[in-house]
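The values are calculated or read from the model by the stated rules, or taken from the named source; none is laboratory data. It should be emphasised that the depicted structure is a prediction, and the values quoted were computed from it without experimental measurement. When we count neighbours, we look across all protein chains shown, and the Cβ atoms used for this are built from the backbone with ideal geometry, even at glycine. Only protein heavy atoms, including side chains, enter the accessible area calculation; ligands, DNA and RNA are left aside. Shrake-Rupley method; radii C 1.70, N 1.55, O 1.52, S 1.80 Å.
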Amino acid sequence: MLTRLHISSFIGLTIAVWLVALWIQGMPVLSVSFIKPFGIVVGTISVVVTLFNKYAWAWPIFRGWYVNRPDMRGTWEVELRSSWINPETDEEIAPITAYAVVRQTLGNFSLRLMTQESRPILIAHSIEHEQDGLFKLAGIYRNEPRIELQGVRSEIHHGAFALEIHGSPVESLEGHYWTDRQTKGAIKLFNRKDQLYDTFEMAKSAQGRNGT
């Protein structure tokens, strides 16, 4: 995210280069009064940059030609299909329903998965534009199960995922994940809601109220 200091530096450098270029070409250089509105210019541009970074970047009017970044903000329903085999039954476990909340600006991105037992958090990510026009989201996450489950059924672990982003506006994300516990599986995000929820219970309750 650009700060006011960054913006001031860029504008100041632009003005300096402009004046030097005029001087080299033998053209008249404006007086000191030329830079008096500097503070107003910096303040105005700072406000515009802040608003664009938080909101305007996602407006359809800018999509594709000015901003090449998919808008994934909201709370998603998630289906997880794990390859883990239950040693007691020698069978795969049933698909797990979870939720993922995405908070996003032009310069920042966060994704938190919420299940009944844990809340994995994204610690690194990349959003790549593929040659065929599709976007791909790849990430590394850290999963901390609820404290009462650690040492009993599940431990803190790390994992990674790669998801294809489908639709414009985005309608779903689908791909695979794998962990340092030697497990892997399929993951799908769908049924997005604009509201951002902080817990599994809140997201599940909202889904019920919406009748989905």
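Relative contact order, percent, of the chain when contacts are C-alpha pairs under 8 Å separated by at least 6 residues? Each step should come with its number before you reach the end.
Details: 339 pairs, mean separation 36.2, N = 212.
Contact order relative to length: 17 percent.
Note the angle between two axes, namely the Cα long axis of helix 200-209 and the longest principal axis of the Cα atoms of the chain, as a number of degrees from 0 to 90, rounded to the nearest 10.
Once rounded, one gets 90 degrees.
Non-local amide H neighbours of residue 163 (under 5 Å, H modeled in plane, Pro and chain starts lacking H): which ones?
Under 5 Å from the amide H of residue 163 lie the amide H atoms of 137, 138, each far enough along the sequence or on another chain.
If I ignore ligands, DNA and RNA and count only protein heavy atoms, how much of residue 13 is accessible to a 1.4 Å probe, in Å² to the nearest 10?
Accessible area of residue 13: about 110 Å².
In debye, nearest 20, what is the charge dipole magnitude of the chain about its Cα centre with +1 on Lys and Arg Cβ and -1 on Asp and Glu Cβ, if you could check?
Computed charge dipole of the chain: roughly 1060 debye.
Rounded to the nearest 500, what is the chain's calculated 222 nm mean residue ellipticity when only DSSP H runs of at least 4 contribute -39500 (n - 2.57) each, over all residues?
-7500 deg cm²/dmol
Quick check on packing: order 88-99, 14-25, 108-119 by the mean number of other C-beta atoms within 10 Å, highest mean leading. Each step should come with its number before you reach the end.
Details: 88-99: 12.9, 14-25: 11.2, 108-119: 17.0.
Most protected by this proxy first, the peptides run 108-119, 88-99, 14-25.
Residue by residue, what Karplus-based ³J(HN,Hα) values in Hz, rounded to whole numbers, does the stretch 66-83 have, using 6.51, -1.76 and 1.60 with θ = phi - 60° and x for Gly and Pro?
Values, residue by residue: 10, 10, 9, 8, x, 8, 10, 4, x, 10, 10, 7, 10, 10, 10, 10, 9, 7 Hz.
Once you have a ≥ b ≥ c as the square roots of the Cα gyration tensor eigenvalues for the stretch 94-212, tell me rounded if a/c is under 1.5, and otherwise prolate or oblate according to whether a/b is larger than b/c.
oblate
Would you mind pulling out the separation of the Cα centroids of the stretch 142-208 and the stretch 38-93, in Å?
15
If you roll a 1.4 Å probe over the chain with all protein chains in place, what percent of the accessible area is carbon or sulfur? Walk me through the intermediate numbers first.
Details: 8080 of 13610 Å².
After summing per-atom areas, the C and S share lands at 59 percent.
Just tell me which lysines come within less than 19 Å, Cα to Cα, of residue 188; anything on the same chain fewer than 8 places away is out.
136, 204
Which order do you get for 158, 129, 176 if you rank them by accessible area with a 1.4 Å probe, largest at the top? It would help to have the intermediate numbers written out before the result.
Details: 158 70, 129 95, 176 115 Å².
Highest to lowest solvent-accessible surface, that is 176, 129, 158.
Looking at the stretch 134-169, which GluC sites (Glu not before Pro) are in a loop (DSSP not H, G, I, E or B) and have at most 16 other Cβ atoms within 10 Å?
Values: sites: 148, 155, 164; in loops: 155.
Those that pass, being in a loop and sparsely packed, are 155.
Place the peptides 179-192, 55-68 in order of packing, highest mean first, counting for every residue the other Cβ atoms within 10 Å and averaging per peptide.
Values: 179-192: 16.3, 55-68: 12.7.
The packing order, highest mean first, is 179-192, 55-68.
With axes computed from alpha carbons, what is the tilt in degrees of helix 38-54 against the longest principal axis of the chain, rounded to the nearest 10 within 0 to 90?
That works out to roughly 20 degrees.
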